[in-house]
1. Could you list, in sequence order, all residues of the range 67-88 that are within 11 Å of the chain's Cα centre (by Cα) and either assigned to a loop (DSSP other than H, G, I, E, B) or of a type outside the set (D, E, K, R) (or both)?
2. Out of the range 42-55, which residues are under 15 Å from Gly112 (Cβ atoms) and either out of contact with any helix residue (DSSP H, G or I) (no Cβ under 7 Å at 6 or more places or on another chain) or exposed (fewer than 13 other Cβ atoms within 10 Å of the Cβ) (or both)?
3. Being over 21 Å from Arg105 (Cβ atoms), over 15 Å from the mean Cα position of the chain (by Cα) and free of Cβ contacts under 8 Å to residues at least 60 places away in the same chain is the filter here, so list the residues in the range 1-43 that pass it.
4. Do the conditions hold for Asn58, that is, is it over 21 Å from Gln1 (Cβ atoms), without any contact (Cβ under 8 Å) to a residue 24 or more places away in the chain and not aromatic (Phe, Trp, Tyr)?
5. Which residues, taken from the range 30-55, are modelled with pLDDT under 95 and part of a loop (DSSP other than H, G, I, E, B)?
6. How many of the residues in the range 89-119 are in a loop (DSSP other than H, G, I, E, B), closer than 19 Å to Gly9 by Cα and open to solvent by 40 Å² or more (accessible area, probe 1.4 Å)?
7. Considering each of Ser25, Ser21 in turn, give the residue that is polar (S, T, N, Q), farther than 11 Å from Val115 by Cα and surrounded by 13 or more Cβ atoms within 10 Å (Cβ to Cβ).
Amino acid sequence: QVQLVESGGGLVQPGGSLRLSCAASGSIFSINAMGWYRQAPGKQRELVAAVTSDGGTNYADSVKGRFTISRDNTKNTVSLQMNALKPEDTAVYYCNAIRIEGLGRRHYWGQGTQVTVSS
């Protein structure tokens, strides 16, 4: 089992910044990738950003140039620096980890942290 604990959410005005952090614990061996998803009211959960163990990154088009994902060298923490926030960034943000288990892979999720962008 992998446990993911998020922190850093809150209320911010448009144009402001927040930094989300996620710490993984438990069976952290063989975690391949970590990232952040978000789900806004009435919308499906979507991938925001992800980083693989070799440092490769991927971002949703809507956040490119504004958000930066990073992962430490222990491969068990991941952060999301969010700048120039917009009201449409309002959502519950979930930390995600993918762990190789046997011949397949398994997704693990954090509890979610609320990000609200409003003036």
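The values are calculated or read from the model by the stated rules, or taken from the named source; none is laboratory data. Everything numeric here is computed off the predicted structure, so don't read it as measured data. No Cβ is skipped: glycine too gets one built from the backbone with ideal geometry, and neighbour counts run over all protein chains shown. What goes into the accessible areas is simple: the full protein's heavy atoms, side chains included, and nothing from ligands, DNA or RNA. Shrake-Rupley method; radii C 1.70, N 1.55, O 1.52, S 1.80 Å.
1. Phe67, Thr68, Ile69, Ser70, Thr77, Val78, Ser79, Leu80, Gln81, Met82
2. Lys43, Gln44, Arg45, Glu46, Leu47
3. Pro41, Gly42, Lys43 - these are the residues of the range 1-43 that are over 21 Å from Arg105 (Cβ atoms), over 15 Å from the mean Cα position of the chain (by Cα) and free of Cβ contacts under 8 Å to residues at least 60 places away in the same chain.
4. So Asn58 fits the description; yes.
5. Ser30, Pro41, Gly42, Ser53, Asp54, Gly55
6. So the answer is 3.
7. Every option except Ser21 fails the conditions.
Results for (1) open to solvent by 20 Å² or more (accessible area, probe 1.4 Å); (2) among the aliphatic types (A, V, I, L, M), shown as yes or no for each residue.
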| residue | (1), (2) |
| --- | --- |
| Gly10 | yes, no |
| Ala40 | yes, yes |
| Asp61 | yes, no |
| Arg66 | yes, no |
| Val78 | no, yes |
| Asn83 | yes, no |
